[in-house]
Number of protein chains: 2
Amino acid sequence: MGGDESPHTFVDAAVIFLQHHPFVHIILFGDQAVIQAALHHLDSQSVSTRLTIRHAEQFVAPEDKPSLALRHKQKSSMWMALTAVAEGSAQAILSPGNTGALMAMARHVLGSLEGIDRPAICKRMPISRSVCYVLDLGANLIADVKQLQDFALLGAALVEAEGLSPARVGLLNVGQELQKGTDLLQDANESLKAATRFQYLGFVEGNAIFDGSVNVVVCDGFSGNVALKACEGLARYLAADLHSYFAASWTKRLLGTLIKILANGWFKRLNPDAYNGALLIGLNGIVVKSHGGANRAGFIAALNVAADLAQRRPDQLLTRWLSENR
Amino acid sequence: MGGDESPHTFVDAAVIFLQHHPFVHIILFGDQAVIQAALHHLDSQSVSTRLTIRHAEQFVAPEDKPSLALRHKQKSSMWMALTAVAEGSAQAILSPGNTGALMAMARHVLGSLEGIDRPAICKRMPISRSVCYVLDLGANLIADVKQLQDFALLGAALVEAEGLSPARVGLLNVGQELQKGTDLLQDANESLKAATRFQYLGFVEGNAIFDGSVNVVVCDGFSGNVALKACEGLARYLAADLHSYFAASWTKRLLGTLIKILANGWFKRLNPDAYNGALLIGLNGIVVKSHGGANRAGFIAALNVAADLAQRRPDQLLTRWLSENR
């Protein structure tokens with residue numbers, strides 16, 4: 001309920017997702033009347049047995065303060081959906097709502113993994129032929145050495161849950177040379193060298209997010225957020241700029257259409273919506289956050305992330321790792 | 001002398017640049033024998049009257065510590081070139097060498113502008129139909145409120161020196177909402193509201209670097225460096241990925257060639273080398289830094305930046321602004 005748009009797009013995406021994934025069941029938490037009105041316009045008959053509506057009296061608004069939402073919105077769709085995950089009646093939650101409130105409620109309802117003080121926001125980057133997770137993306141604007149170590153472990157579990165082992169992990173810095181960066185990064189670098197669950201490769205620069213050299217880029221939430229949004233901005237800019245190139249004449253328009261057909265997979269990379277769906281990692285359960293203003297394709301992409309993680313369960317792998325380390 | 005490659009590429013770029021810019025004179029500082037050997041292979045006859053060689057006994061190595069270079073490398077090509085700028089026999093310096101040493105020597109030889117404690121590294125972003133400078137890009141990994149204010153002023157002068165006035169300035173944060181970000185950013189935001197030399201637009205996110213909403217993105221050197229390198233990484237990744245798409249079959253190769261001809265200006269954007277040349281701003285003089293490992297086109301791009309700034313002289317505008325404010 002708490003996205004930027006009306007829930008129609010979200011409901012639409014859920015129906016289409018179910019049509020393509022016969023073994024998935026979706027529970028929609030929110031205003032029953034609104035959801036039913038949205039379903040009324042859709043061809044949802046074929047999936048109706050795998051689509052449940054649970055009415056919520058409240059919803060968390062985008063502008064709600066997390067601390068207040070936590071106290072006063074315990075009948076909200078967000079709280080109810082998290083409770084379903086905590087009780088085991090759902091295996092993952094996808095929310096397009098207020099990120100701060102989602103993190104606060106998830107920590108309260110699901111709890112953090114034992115040994116992880118602060119969960120992180122993480123995204124799998126859209127690179128082919130390789131896997132790269134970047135974290136934190138904004139849950140912790142400043143991160144100390146322990147947190148950076150935690151992020152490395154959380155990222156490594158995500159990689160290992162995809163069947164890649166050991167994960168190659170890098171620490172984001174302004175240069176690869178040993179003397180680069182702040183004292184904090186120097187200390188974190190030393191601590192990470194002792195890691196046993198993954199292969200620590202030392203400092204990496206921003207380009208490592210895309211060059212395939214590492215599977216996990218560890219950073220504080222401020223740098224991660226800035227890097228991700230700068231890249232999204234560049235991709236959108238390139239797409240718009242290319243569009244105007246190919247709109248200049250009919251021969252160029254024809255050529256543009258041809259390329260879009262032939263290199264469709266490539267063009268998709270210029271559309272950050274296609275890579276919607278960030279993971280809140282470090283919690284007892286799978287929590288996925290969608291952009292509030294995503295379009296249908298964006299919500300479907302985020303549903304894919306949630307369904308995929310519900311099967312891989314990096315949180316359970318982490319629980320095992322953390323208990324073995326104690 | 002201090003780039004990653006032999007100086008041949010640099011000398012080659014200088015000759016070609018002179019051939020295309022009849023009113024420019026270049027002084028090459030370095031090992032005379034090496035430079036002459038490089039020139040020997042080039043068709044430099046036509047520009048020889050505008051190309052001077054000044055022999056330097058020393059050069060700053062990429063691994064030299066800035067503090068030691070400052071003390072022991074006062075006969076280096078870098079020091080000599082900066083001295084030429086200080087004495088007025090050159091209007092700008094372009095160096096492919098050690099960035100830290102260049103900053104330290106520039107502060108010593110040229111001096112910082114009065115009122116600017118710490119110069120910044122700045123780059124003009126490759127967007128069409130708009131101008132956007134991002135700073136700091138790594139000279140100051142942590143920046144306090146005064147420094148962020150300085151960066152805003154330095155960036156605004158660069159924009160105004162291009163004939164755009166007033167500059168629109170944004171402060172990089174993880175969200176545009178007022179309550180977002182660290183206490184430091186909150187304080188900087190309040191201080192910047194009092195600015196009179198430019199239009200301060202408040203917090204911006206990473207995508208603002210490319211969306212044309214602001215002319216200056218102000219940030220600490222760590223975030224700026226990370227954002228820039230992440231974007232360079234994305235551009236290189238997209239270029240390589242597109243290349244492999246179009247290499248798949250001969251029809252695709254043909255199409256790929258056609259597009260590269262028709263949308264050449266667009267493809268150039270995927271090549272960060274074409275945007276080589278960062279400015280060290282806040283100094284009494286124009287100091288431009290090239291990537292050490294740039295190719296010929298990259299060095300030519302950086303020479304363009306230096307020649308352009310030598311005409312616009314944002315440092316002189318800044319001197320006037322700063323003296324008027326005292």
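The values are calculated or read from the model by the stated rules, or taken from the named source; none is laboratory data. Predicted, not measured: the structure shown is a model, and the values here were computed from it. Glycine also receives a Cβ, built like all others from the backbone with ideal geometry; neighbour counts cover every protein chain displayed. The area values use the complete protein model at the heavy-atom level, side chains included, leaving out ligands, DNA and RNA. Shrake-Rupley method; radii C 1.70, N 1.55, O 1.52, S 1.80 Å.
In the list A:GLN149, A:GLN179, which residue meets the criterion of being open to solvent by 50 Å² or more (accessible area, probe 1.4 Å) and not in a helix (DSSP H, G or I)? If you could, list the steps in order and put the result at the bottom.
Working: A:GLN149 fails: not in a helix (DSSP H, G or I).
Of A:GLN149, A:GLN179, the one residue that is open to solvent by 50 Å² or more (accessible area, probe 1.4 Å) and not in a helix (DSSP H, G or I) is A:GLN179.
Can you name the residue in the stretch B:182-203 that is surrounded by fewer than 17 Cβ atoms within 10 Å (Cβ to Cβ) and assigned to a strand (DSSP E or B) and is also nearest to the other protein chains (Cβ to nearest Cβ) among such residues?
The selected residue is B:GLY202.
Going by what's in this entry, would A:THR182 be described as over 19 Å from the mean Cα position of the chain (by Cα), farther than 26 Å from A:LEU322 by Cβ and hydroxyl-bearing (Ser, Thr, Tyr)?
Judged against the criteria, A:THR182 is a match.
Find all pairs meeting these conditions: Cβ atoms under 6 angstrom apart; at least six residues apart or on different chains; first residue within the stretch B:227-243 and hydrophobic (A, V, I, L, M, F, W, C); second residue at pLDDT below 85.
That search, which allows pairs on different chains as well, returns B:ALA235/B:LEU270; B:ALA235/B:PRO272; B:LEU238/B:LEU270; B:ALA239/B:LEU270; B:LEU242/A:TRP266.
Quick check, is A:ALA248 touching a residue at least 12 places away in the same chain (Cβ under 8 Å) and either assigned to a helix (DSSP H, G or I) or more than 7 Å from every other protein chain (Cβ to nearest Cβ) (or both)? Steps first, answer last, please.
Values: touching a residue at least 12 places away in the same chain (Cβ under 8 Å): no; either assigned to a helix (DSSP H, G or I) or more than 7 Å from every other protein chain (Cβ to nearest Cβ) (or both): yes.
Answer is no for this residue.
Which of the residues spanning the stretch A:171-201 are over 22 Å from B:ALA227 (Cα atoms) and aliphatic (A, V, I, L, M)?
Taking the stretch A:171-201 first, the residues over 22 Å from B:ALA227 (Cα atoms) are A:187, A:190-200.
Those that are over 22 Å from B:ALA227 (Cα atoms) and aliphatic (A, V, I, L, M): A:LEU192, A:ALA194, A:ALA195.
Quick check on this structure: which one of A:GLY256, A:GLY282, A:GLY221, A:GLY233 is more than 9 Å from every other protein chain (Cβ to nearest Cβ) and open to solvent by less than 30 Å² (accessible area, probe 1.4 Å)?
Numbers: A:GLY256 fails: more than 9 Å from every other protein chain (Cβ to nearest Cβ); A:GLY221 fails: more than 9 Å from every other protein chain (Cβ to nearest Cβ); A:GLY233 fails: more than 9 Å from every other protein chain (Cβ to nearest Cβ).
That would be A:GLY282, the only listed residue that is more than 9 Å from every other protein chain (Cβ to nearest Cβ) and open to solvent by less than 30 Å² (accessible area, probe 1.4 Å).
Taking the stretch B:209-218 as the search range and keeping residues that are more than 7 Å from chain A (Cβ to nearest Cβ) and of a type outside the set (Val, Ile, Thr), which one is surrounded by the most Cβ atoms within 10 Å (Cβ to Cβ)? Steps first, answer last, please.
So in the stretch B:209-218, the residues more than 7 Å from chain A (Cβ to nearest Cβ) come out as B:212-218.
Pick out the ones that are also of a type outside the set (Val, Ile, Thr) and you get B:212-213, B:215.
Details: B:GLY212: 15, B:SER213: 17, B:ASN215: 26.
Selected residue: B:ASN215.
I need the full set of residues from the stretch A:41-63 which are out of contact with any Lys or Arg (no Cβ under 6 Å at 6 or more places or on another chain), assigned to a loop (DSSP other than H, G, I, E, B) and either modelled with pLDDT of 95 or more or not hydroxyl-bearing (Ser, Thr, Tyr) (or both), in order please.
Step one: filter the stretch A:41-63 for residues out of contact with any Lys or Arg (no Cβ under 6 Å at 6 or more places or on another chain), giving A:41-56, A:59, A:61-63.
Of the ones still in play, those that are also assigned to a loop (DSSP other than H, G, I, E, B) are A:41-44, A:56, A:59, A:61-63.
Scanning the stretch A:41-63 gives A:HIS41, A:LEU42, A:ASP43, A:ALA56, A:PHE59, A:ALA61, A:PRO62, A:GLU63.
Select, from B:LEU254, B:LEU238, B:LEU279, the only residue that is at pLDDT 80 or above and under 26 Å from B:LEU303 (Cβ atoms).
Working: B:LEU254 fails: under 26 Å from B:LEU303 (Cβ atoms); B:LEU238 fails: under 26 Å from B:LEU303 (Cβ atoms).
Within the list B:LEU254, B:LEU238, B:LEU279, the selection yields B:LEU279.
Could you list, in sequence order, all residues of the stretch A:34-48 that are small (Gly, Ala, Ser), touching a residue at least 12 places away in the same chain (Cβ under 8 Å) and exposed (fewer than 14 other Cβ atoms within 10 Å of the Cβ)?
Residue satisfying the conditions is A:SER46 alone.
Filter the stretch B:15-33 down to the residues that are open to solvent by 50 Å² or more (accessible area, probe 1.4 Å) and not acidic (Asp, Glu), then identify the one that is farthest from the chain's Cα centre (by Cα).
We begin by selecting, within the stretch B:15-33, every residue open to solvent by 50 Å² or more (accessible area, probe 1.4 Å); these are B:19-23, B:25, B:31-33.
When the remaining residues are screened for being not acidic (Asp, Glu), the result is B:19-23, B:25, B:32-33.
Details: B:GLN19: 23, B:HIS20: 21, B:HIS21: 20, B:PRO22: 23, B:PHE23: 22, B:HIS25: 20, B:GLN32: 27, B:ALA33: 29 Å.
Applying the filter and picking the extreme gives B:ALA33.
For (1) of a type in the set (Val, Ile, Thr); (2) more than 11 Å from every other protein chain (Cβ to nearest Cβ); (3) over 19 Å from the mean Cα position of the chain (by Cα), each residue gets a yes or a no:
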{"site": "A:CYS122", "(1), (2), (3)": "no, yes, no"}
{"site": "A:SER130", "(1), (2), (3)": "no, no, no"}
{"site": "A:LEU137", "(1), (2), (3)": "no, no, no"}
{"site": "A:LEU141", "(1), (2), (3)": "no, no, no"}
{"site": "A:GLN149", "(1), (2), (3)": "no, yes, yes"}
{"site": "A:ALA152", "(1), (2), (3)": "no, yes, no"}
{"site": "A:VAL169", "(1), (2), (3)": "yes, yes, no"}
{"site": "A:VAL174", "(1), (2), (3)": "yes, no, yes"}
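Working only within the stretch A:268-279, note down all residues that are crowded, with 23+ Cβ neighbours inside 10 Å and either of a type outside the set (S, T, N, Q) or free of Cβ contacts under 8 Å to residues at least 12 places away in the same chain (or both).
Taking the stretch A:268-279 as the starting set, the residues that turn out to be crowded, with 23+ Cβ neighbours inside 10 Å are A:276-279.
Residues satisfying the conditions are A:GLY277, A:ALA278, A:LEU279.
Of the conditions (1) more than 7 Å from chain B (Cβ to nearest Cβ); (2) surrounded by 24 or more Cβ atoms within 10 Å (Cβ to Cβ); (3) closer than 30 Å to B:LEU171 by Cα, A:GLY206 clears all except one; give me its number.
Condition (1) is where A:GLY206 drops out.
Mind listing just one residue for me: the one in the stretch B:64-99 that is open to solvent by less than 30 Å² (accessible area, probe 1.4 Å) and assigned to a loop (DSSP other than H, G, I, E, B) and, of those, farthest from B:PHE17 (Cα to Cα)?
Ranking the qualifying residues of the stretch B:64-99, first place goes to B:ASN98.
List the residue pairs whose Cβ atoms are under 7 Å apart, where the first residue sits in the stretch B:291-313 and is open to solvent by 30 Å² or more (accessible area, probe 1.4 Å), the second is β-branched (Val, Ile, Thr), and the two are 6 or more positions apart or on different chains.
Final answer for the pair search is B:ASN295/B:THR9; B:ARG296/B:THR9; B:ILE300/B:ILE16; B:VAL305/B:VAL288.
Just to be sure before I move on: is A:GLY233 modelled with pLDDT of 85 or more and assigned to a helix (DSSP H, G or I) in the structure I sent?
Spelling it out, A:GLY233 is indeed modelled with pLDDT of 85 or more and assigned to a helix (DSSP H, G or I).
Under 7 Å by Cβ, and 6 or more places apart or on different chains, what pairs join a residue from the stretch A:67-80 that is aromatic (Phe, Trp, Tyr) with one that is assigned to a loop (DSSP other than H, G, I, E, B)?
A:TRP79/A:LYS73
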